[in-house]
Each structure stands twice: as structure tokens, then as C-alpha cells.
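The values are calculated or read from the model by the stated rules, or taken from the named source; none is laboratory data. Since the model is a prediction, treat every value here as computed from it, not as a measurement. Here the Cβ positions follow ideal geometry from the backbone for every residue, glycine too, while neighbour counts run over all protein chains shown.
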Amino acid sequence: MNHQEREELGSTMTNLITAERLRADGACTDAANWVEQHYPHGVRPTVAALLSAARAGLDITWLARYLSAPARHAFEEARVTAWHAFEEARATAGRAYDEATATALAKAFEQGEA
């Protein structure tokens with residue numbers, strides 16, 4: 001086991017996520033295979049590990065089922081807040097795209113490129 005694996009495994013086995021645990025609990029095959037490939041000894045759900053999984057296209061929110069009820073409630077509140085911020089940013093980006101596209105299209109028509 002290398003240093004990174006030991007660090008992510010931590011000094012206790014609390015909250016250890018393994019491929020076997022995911023399979024037993026009905027996680028998707030991709031998630032279990034990803035954990036098995038990247039963390040063969042299991043991994044604690046650290047920010048770094050969760051971001052890595054999310055960037056690999058895995059649905060990390062599935063892991064919320066392992067949280068206690070109070071922790072899950074706090075997580076859901078934070079997730080909803082983050083989702084609203086995401087939607088707001090996406091709407092702003094969409095408006096900027098529409099404006100840039102409309103401007104470029106109008107300019108092309110003015111220049112007779114249609």
C-alpha cells in the first residue's frame with residue numbers, strides 16, 4: 001500500500017468504501033469497478049477521493065445513503081444550495097451565449113454573409 005492509499009484509508013476503518021461494500025449495497029458496476037481499480041484496499045470519503053470519483057463521471061451523491069439521518073439532512077441542505085448556485089450560473093452563462101450568438105448572427109446578416 002503506498003502513502004496516498006494509507007493516507008486515504010486513514011487510521012481507522014470508519015466510513016471505508018470498498019468495491020465489495022458497493023457491490024453488496026447495490027451500487028452501479030462502474031462505481032464498484034472504479035473503486036476497485038483506484039483504491040483496491042478501499043478509500044475513506046475524503047474531498048479528494050470524492051472529487052476524483054465525480055470527475056470520473058460517478059454519482060457520488062449515491063453515497064449519502066451511508067450517512068446518519070442528521071448528517072444526510074445537512075448534506076441535502078448543502079447540496080440544494082449548491083444546485084441553486086449551479087442553476088443560476090448556468091442561466092447567466094446561457095444568457096451570455098444567447099447574446100453573443102445573436103450579436104454574431106446579426107453582424108453576419110449585416111455584412112451580407114447570409
| Residues of the range 74-93 classified as exposed (fewer than 11 other Cβ atoms within 10 Å of the Cβ) and closer than 30 Å to Leu16 by Cα, total | 7
| Filtering the range 26-40 down to residues that are surrounded by fewer than 13 Cβ atoms within 10 Å (Cβ to Cβ) and outside any helix (DSSP H, G or I), which residue is nearest to the chain's Cα centre (by Cα)? | Gly26
| message | Please go through the range 41-58 and give me each residue that is of a type in the set (D, E, K, R) and either touching a residue at least 40 places away in the same chain (Cβ under 8 Å) or surrounded by 13 or more Cβ atoms within 10 Å (Cβ to Cβ) (or both), ordered by number. | response | Arg44
| Can you pull out the residues in the range 43-57 that are within 15 Å of Asp30 (Cα to Cα) and part of a loop (DSSP other than H, G, I, E, B)? | Ala56, Gly57
| query | Here are some residues: Arg6, Arg65, Arg95. Which one is over 21 Å from the mean Cα position of the chain (by Cα), basic (Lys, Arg) and at pLDDT below 95? | reply | Arg6
| task | Check the range 94-114 and report whether any residue there is surrounded by fewer than 10 Cβ atoms within 10 Å (Cβ to Cβ), in contact with a helix residue (DSSP H, G or I) (Cβ under 9 Å, 6 or more places away or on another chain) and either assigned by TED's automatic domain parsing to the domain that holds Asn15 or outside any helix (DSSP H, G or I) (or both). | result | yes
